[in-house]
Amino acid sequence: MSQYQQILVAVDESPISYSAVEHALSLAKSQNAHVTVVSVVAVDPFVGVDFYAVAPAITEYFMQAEKSAQLRLEDIKQSFIRDEIDVSTRLIHGVSPTEGILQVADEISADLIIMGSRGRTGLKKAMLGSVAQNILTQCPIPVLIIKQ
């Protein structure tokens, strides 16, 4: 097995993200790797529309989503620190989750991406898409998908 030096872990609010974090903790410790944990606050579907000026509730929603993501990243970071694993966090917004994850992977020269997959199938997958599937098809480096 190759030595991983830079592991990127993509997380969101789902429980499966925490399973991905557990796998990353174990692998990073065995490989003495640096871990970057990234969370992407989904791109606003109303980009290009002056929506925030007319809908303060939407603005509040995105502010809360960003705050929640930052708290989640800090909580996860502490897990790595407790295990004496070199860790950093990134909060990305303004792009799709796929774009954000790939952007950070490129910036840090990641050797491996670890992420969870909810395992959507059929119509749910077609309507909602699959970030994991997009990463698998667009990413040139190994990707470890943790399933429920």
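The values are calculated or read from the model by the stated rules, or taken from the named source; none is laboratory data. What you are looking at is a predicted structure, and each value in this text was computed from that prediction instead of being measured. Positions of Cβ are backbone-derived with ideal geometry, glycine not excepted, and every protein chain shown enters the neighbour counts. Please note that ligands, DNA and RNA were not included when accessible areas were found on the heavy atoms of the full protein model with its side chains. Shrake-Rupley method; radii C 1.70, N 1.55, O 1.52, S 1.80 Å.
Brief remarks on what is shown
- Filtered residue count, region 65-110, keeping only those that are on the phi > 0 side of the Ramachandran plot and either in contact with a His (Cβ under 8 Å, 6 or more places away or on another chain) or at pLDDT 95 or above (or both): 2
- All positions within region 1-31 that are part of a strand (DSSP E or B) and crowded, with 22+ Cβ neighbours inside 10 Å: Ile7, Leu8, Val9, Ala10, Val11
- All positions within region 129-140 that are open to solvent by 40 Å² or more (accessible area, probe 1.4 Å) and not in a helix (DSSP H, G or I): Pro140
- Residue tally, condition under 15 Å from Gln31 (Cβ atoms) and buried (at least 18 other Cβ atoms within 10 Å of the Cβ), over region 70-107: 3
For (1) of a type in the set (Ser, Thr, Tyr); (2) in contact with a helix residue (DSSP H, G or I) (Cβ under 6 Å, 6 or more places away or on another chain); (3) on the phi > 0 side of the Ramachandran plot, each residue gets a yes or a no:
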site: Gln6; (1), (2), (3): no, yes, no
site: Asp12; (1), (2), (3): no, no, no
site: Pro15; (1), (2), (3): no, no, no
site: Ser19; (1), (2), (3): yes, no, no
site: His23; (1), (2), (3): no, no, no
site: Ser26; (1), (2), (3): yes, no, no
site: Ser30; (1), (2), (3): yes, no, no
site: Val37; (1), (2), (3): no, yes, no
site: Val40; (1), (2), (3): no, yes, no
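- In region 82-96, of all residues being among the hydrophobic types (A, V, I, L, M, F, W, C) and assigned to a strand (DSSP E or B), the one that is nearest to Gln70 (Cα to Cα) corresponds to Leu91.
- The C-beta contact set for region 136-148 (first residue within 7 Å of Leu112 (Cα to Cα), second residue part of a strand (DSSP E or B) and hydrophobic (A, V, I, L, M, F, W, C), distance under 6 angstrom, 6+ apart or interchain) comprises Pro142/Leu112; Val143/Ile113.
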